[in-house]
Amino acid sequence: MSTTTFHKDTWELYKSLEMSTQLTAGETLAKLGKDHPEIVAMSSDLSKPTRLWDFGKEFPERFFNFGLAEKNMVTAAAGLASTGKTPFVSTYASFLGVLAAENIRTAVAYPNLNVRLIGTHTGIAMGFYGTSHHATEDISITRAMANMTVISPADGAALAEMVEESVKTYEGPIYFRVSRGREEPVYERSSEKVQNKIGKANRLTKGSDLTIIACGIEVNEALKAADQLKDQGISTQVIDMHTIKPIDTEAILDAAKETGTILTVEEHNVQGGLGSAVAEVLMESGVNCKFKRHGFYDEYSLIGKPYYLYKHYKLDGDGIAEVAKNLVNRD
Amino acid sequence: MTKTSSVSPEKIDLIKEKAKMSRLETIRLIAKAKSGHYGSSFSSSEIFATLYYHILNYDPKNPKWPSRDRFVMGKGHSAVGVYPILADVGFFPKEELDTYTDLGSPFGDHPDMNKIKGVDFSSGSIGHGLSVGVGMSLGARVDNEKYRSYILMGDGELQEGQVWEAAMSAGSFKLGNLVAIIDNNKVTVDGNTEELMNINPIKEKWENFGWNVVEVDGHNVEELVKTFENLPSVDSDKPTAIICDTVAGKGVSFMEHGYEWHVANLGEGDIKRAIEEIEGGQ
């Protein structure tokens, strides 16, 4: 492992491979592989950036590199699942949840197969590599598929825990949505206790004025925002809604009742993502609550180095705090 | 390939009779639905019958038997010709077919693996089948199983790019346990395949993707039997593509070669004519 320190102006692919310490699916599967012969894994020429290779090098006979052919890979995973395997498929989210969407729907979700899809480098994590490589639609797309579970873990510990749960006890297809893996962690890695359970939201801070419901890497940014808001006299509750489908309805309604104001934060289009999922719960419940969705406002993202991009879109701690304050002060 | 077969003339006659049964049942079921895929079901009838009455290893009492051979229809729209065979060999009672296309019936135009015993994979999205077969064949290899996966595709299906992603991966993974069957009936919905979007030369394409290729008359049961019986070993390093020269609408003179009969509905008089021709056929 390189000791290179990340600088905000540095965005270089090889360095990012070494620094993707939060992309823990491969290492988790490598650990589980011996006791779980049903695990197989595959990537489309991105096994190293997705870190799925950590499993591949331990179990080469159960790892398949499909080259640049995502539709074939996803559908072949479905074929493998039909023989009793639990395939883990990982590539960039723009090429998985977006490019291979029809294959996921027809070959994986419709037959309700145990295929686990892990779309990495989601949102705007690919920075200046281009809007084609950004994925700000994958939650909406996969959420609209019946049978599908949609999970956006906050960090590597959360991903590892829920990957393990998905191997040991979970049935049916799952779409995991993770970032580039270079982010600061939210949870401490622990082999003692499980901190993330599929379908159960985590309330990370208590507060009385505002709730921020976030997913993925925005959970950590929401925690930073909550710290700032505290200094400004706004008591903020932060909820890690890692499972977007099936969503933890009780956590949302409790937050609405306790704080009366909810802000959702995601690096995704506000149309159809986490914010929409939370809005659906609120509207159908009849609970009165001040509410705003924050993310991309039905626009294609600019390119740039990720640090500046997150700042530009107010998806860093400072930006979220500003958006939150405006919401709290809104009439 | 040396083509030998020990199959008795009685067995050959049985397969031919079952192909006829598949066609007659297709007429009956489509008449009930009032719309369906005649042409592309009839072009596959001998292929279906040869597979299910002689080639495939399966157990109707244990449809999920892990060591069974797999059969997947990339061209799922021909399922109406397979359902009667699945019933006939004992996967489910024949009477269940009487619900064909009714609200909530397991039996629709395209097959559903979770609703119909004996269906190894759901289909309907043309071009997925061979990829599913790649996955099944990899699964067999990981489990050290000796079964084969047979994937039926139409010639129009070869226009789908995903087929060639799958063909490339099967060649690259050296899947000797994978068999592609191409029902080359030369028509699609809108017209003749060659004029609409030419996919020829088919044989050379498969060879160039690293496949062993065999060409047969897809309506000649003896030839089909010999071809399937003489497939290379499942441990060989090349998948096999069997290109079947077929006729869309085979068995009913006014349908033969006509793309117009890909999806259609017959009137009462034509149903009578079609049944007479099929029953009178070889």
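With the cut-off at 1.5 for a/c, could you classify segment A:193-314 from its C-alpha gyration tensor as rounded, prolate or oblate?
Details: a/c = 1.43, a/b = 1.26, b/c = 1.14.
Taking the square roots of the gyration eigenvalues as a ≥ b ≥ c, segment A:193-314 is rounded.
Give the longest segment of chain B that steers clear of trypsin sites (Lys or Arg not before Pro) in DSSP loops with at most 13 neighbouring Cβ atoms within 10 Å, not counting the sites themselves. All intermediate terms of the calculation are to be shown ahead of the outcome.
Numbers: sites that count: B:Lys3, B:Lys34, B:Lys61, B:Lys64, B:Lys115, B:Lys146.
Answer - B:147-282.
Between the helical axis of B:9-33 and the dominant principal axis of chain B, each derived from Cα atoms, what acute angle in degrees is found, rounded to the nearest 10?
Rounded to the nearest ten degrees, it is 60.
Of B:Gly156, B:Ile55, B:Ser172, which is farthest along the charge dipole of the protein assembly as shown in the positive direction, counting Lys and Arg as +1 and Asp and Glu as -1 at C-beta?
Working it through, the farthest residue towards the positive pole turns out to be B:Ser172.
Work out the mean other chain Cβ neighbour count within 10 Å for the residues of A:82-88 and drop it here as an integer. Numbers along the way, then the final one.
Numbers: counts 12, 14, 5, 6, 0, 3, 0.
Across the residues of A:82-88, the mean count of other-chain Cβ atoms within 10 Å is 6.
Give the shape of segment A:207-255 as rounded, prolate or oblate, defined through the alpha-carbon gyration tensor: a ≥ b ≥ c are the square roots of its eigenvalues, a/c under 1.5 means rounded, and otherwise the shape is prolate if a/b is larger than b/c and oblate if not.
Oblate is the answer for segment A:207-255, as a/c is 1.5 or above yet b/c matches or exceeds a/b.
Which angle from 0 to 90°, rounded to the nearest 10, does the C-alpha axis of helix B:161-172 make with the longest principal axis of chain B?
The two axes meet at around 40 degrees.
For segment B:173-208 and segment A:249-295, what is the centre-to-centre distance using only Cα atoms, to the nearest Å?
So the two Cα centres are separated by 51 Å.
Nearest 20 debye, what's the magnitude of the dipole of segment A:13-177 about its Cα centre given +1 on Lys and Arg Cβ and -1 on Asp and Glu Cβ?
180 debye
Specify the residue with the greatest mean-square fluctuation among A:Asn147, A:Asn103, A:Asn288, computed from a Gaussian network of chain A linking alpha-carbon atoms under 10 Å apart.
Most flexible of the set in this elastic network: A:Asn288.
Using 7 Å Cα-to-Cβ label points, what is the A:Asp227/B:Lys115 separation (nm, one decimal)?
Placing both labels 7 Å along Cα→Cβ, they lie 5.5 nm apart.
Where in segment A:252-331 are there GluC sites (Glu not before Pro) that are in a DSSP coil and have at most 16 other Cβ atoms within 10 angstrom of their Cβ?
On the way: sites: A:Glu258, A:Glu266, A:Glu267, A:Glu280, A:Glu284, A:Glu299, A:Glu322; in loops: A:Glu299.
For GluC sites (Glu not before Pro) across segment A:252-331 that sit outside H, G, I, E and B with at most 16 neighbouring Cβ atoms in 10 Å, the list reads A:Glu299.
To the nearest µm²/s, what D does Stokes-Einstein give for segment A:13-177 at 4 °C and 1.567 mPa s, using the Kirkwood radius over alpha carbon pairs as Rh? Walk me through the numbers on the way to the answer.
Numbers: Rh = 15.3 Å.
It comes out at roughly 85 µm²/s.
Give me the dipole magnitude in Debye, nearest 20, for the protein assembly as shown about the Cα centre, with unit charges on the beta carbon: positive for Lys and Arg, negative for Asp and Glu.
Values: 64 positive and 85 negative charges, 217 e Å.
Computed charge dipole of the protein assembly as shown: roughly 1040 debye.
Work out from phi, with θ = phi - 60° and the Karplus expression 6.51 cos²θ - 1.76 cosθ + 1.60, the ³J(HN,Hα) of each residue of segment A:155-167, listed in order in whole Hz, and give x for Gly and Pro.
Going residue by residue, I get 6, x, 5, 5, 4, 4, 5, 7, 5, 5, 4, 5, 6 Hz, with x marking Gly and Pro.
Quick one: net charge around B:Ser43, please, counting Lys, Arg +1 and Asp, Glu -1 for every other residue with C-beta under 14 Å from its C-beta. Kindly include the intermediate steps, with their values, before the conclusion.
Working: positive: B:Arg23, B:Lys75, B:Lys186, B:Lys250; negative: B:Glu46, B:Asp155, B:Glu157, B:Asp183, B:Asp217, B:Asp245, B:Glu256.
After counting each charged neighbour, the total is -3.
What is the Cα coordinate range of the protein assembly as shown on the first, second and third principal axes, sorted by size from largest, in whole angstrom?
The principal-axis extents, from largest down, are 90, 52, 46 Å.
For a quick check: with amide H placed at 1.01 Å from N, whose amide H comes under 5 Å from A:Thr205's, ignoring anything fewer than 5 positions away on the same chain?
Amide H neighbours of A:Thr205, under 5 Å, 5+ apart: A:Val238.
Whole angstrom only: what separates the Cα centroid of segment B:29-58 from the Cα centroid of segment A:193-231?
57 Å
If you place +1 on the Cβ of every Lys and Arg and -1 on the Cβ of every Asp and Glu, how big does the dipole about the Cα centre of chain A come out, in debye to the nearest 20? Mind showing how you got there, number by number?
Details: 35 positive and 43 negative charges, 46 e Å.
Magnitude of the dipole: close to 220 debye.
Count the lysine pairs in segment A:13-177 whose Cα atoms sit under 15 Å apart, keeping only pairs 8 or more residues apart in sequence or on different chains. Don't skip to the end; give the middle numbers.
Values: A:Lys15/A:Lys48; A:Lys31/A:Lys57; A:Lys31/A:Lys168; A:Lys34/A:Lys57; A:Lys34/A:Lys85; A:Lys34/A:Lys168; A:Lys48/A:Lys57; A:Lys85/A:Lys168.
So the count works out to 8.
In the protein assembly as shown, with Lys and Arg counted as +1 and Asp and Glu as -1 at Cβ, which of these residues, B:Val134, B:Gly39, A:Ser166, has the Cα nearest the positive end of the dipole, that is, farthest along it?
Of the candidates, A:Ser166 comes out farthest on the positive side.
I need the per residue convex hull volume for segment B:182-278, using only the alpha carbons, in cubic angstrom as a whole number.
Values: hull volume 10.6 nm³, N = 97.
Looking at segment B:182-278, the number lands at 109 Å³ per residue.
Amide H neighbours of A:Ile39 under 5 Å, counting only residues 5+ apart in sequence or on other chains, H built in-plane at 1.01 Å?
A:Thr86
Please state, to two decimals, what the Cα-based radius of gyration of segment B:30-167 comes to when divided by 2.2 N^0.38 Å (N = residues).
Output field value: 1.03.
Taking neighbour counts of Cβ atoms within 10 Å as a proxy for exposure, in what order, fewest first, do B:Ser236, B:Ser43, A:Ser191 appear? Kindly include the intermediate steps, with their values, before the conclusion.
On the way: B:Ser236 14, B:Ser43 30, A:Ser191 7.
Ranking B:Ser236, B:Ser43, A:Ser191 by Cβ neighbours within 10 Å, fewest first, gives A:Ser191, B:Ser236, B:Ser43.
Can you tally the net charge around B:Glu17? Count Lys and Arg as +1, Asp and Glu as -1, for every other residue whose Cβ sits under 15 Å from the Cβ of B:Glu17.
On the way: positive: B:Lys11, B:Lys16, B:Lys18, B:Lys20, B:Arg23; negative: B:Glu10, B:Asp13, B:Glu25, B:Glu46, B:Asp88, B:Glu222, B:Glu279.
Spelling it out: positives minus negatives among the neighbours equals -2.
Around A:Ile213, which amide H atoms from residues at least 5 apart in sequence, or from another chain, sit under 5 Å from its own amide H, with H modelled in the peptide plane?
For A:Ile213, the qualifying residues are A:Ile239, A:Leu263, A:Thr264, A:Val265.
Quick check: the distance between the Cα centres of segment B:144-170 and segment B:214-249, to the nearest angstrom?
Here the answer is 14 Å between Cα centres.
Taking a cut-off of 25 Å, what percent of all Cα-Cα pairs in segment B:9-280 are separated by more than that?
Numbers: 15049 of 36856 pairs.
Within segment B:9-280, distances greater than 25 Å cover 41 percent of Cα pairs.
How far, in degrees from 0 to 90, does helix A:317-329 lean away from the longest principal axis of the Cα atoms of chain A, to the nearest 10?
40 degrees
Over segment A:225-331, what is the relative contact order in percent, taking alpha-carbon pairs closer than 8 angstrom and at least six residues apart?
That works out to 28 percent.
Take B:Met153, A:Met283 and order them by how many other Cβ atoms sit within 10 Å, fewest up front. Before the final figure, lay out each step's value.
Details: B:Met153 25, A:Met283 11.
In order of increasing Cβ crowding within 10 Å: A:Met283, B:Met153.
Compare the Cα positions of A:Ile234, A:Thr211, A:Gly286 along the charge dipole of segment A:202-329 (+1 at Cβ of Lys, Arg; -1 at Cβ of Asp, Glu; about the Cα centre) and return the one farthest towards the positive end.
A:Ile234
Looking only at other chains, what is the average number of their beta-carbon atoms within 10 angstrom of each beta-carbon in B:124-132?
Values: counts 2, 7, 0, 5, 11, 3, 4, 13, 11.
If you average over the peptide's residues, the count of other-chain Cβ atoms is 6.
What does the charge add up to near A:Val98, with Lys and Arg as +1, Asp and Glu as -1, over the other residues with Cβ less than 14 Å from its Cβ?
Overall, the nearby charge balance is 0.
Pull out a ≥ b ≥ c, the square roots of the eigenvalues of the alpha-carbon gyration tensor of segment B:1-70, then state rounded if a/c is under 1.5, prolate if not and a/b is larger than b/c, and oblate in the remaining case.
Numbers: a/c = 2.25, a/b = 1.39, b/c = 1.61.
Judged from the Cα gyration tensor, segment B:1-70 comes out oblate (a/c at least 1.5, b/c at or above a/b).
Where a number appears in this text, it was derived from the coordinates with a stated rule and is not lab data. The model shown is predicted, which means the values in this text are computed figures rather than measured ones. Cβ sites come from the backbone with ideal geometry, for glycine too, and all protein chains shown count toward neighbours.
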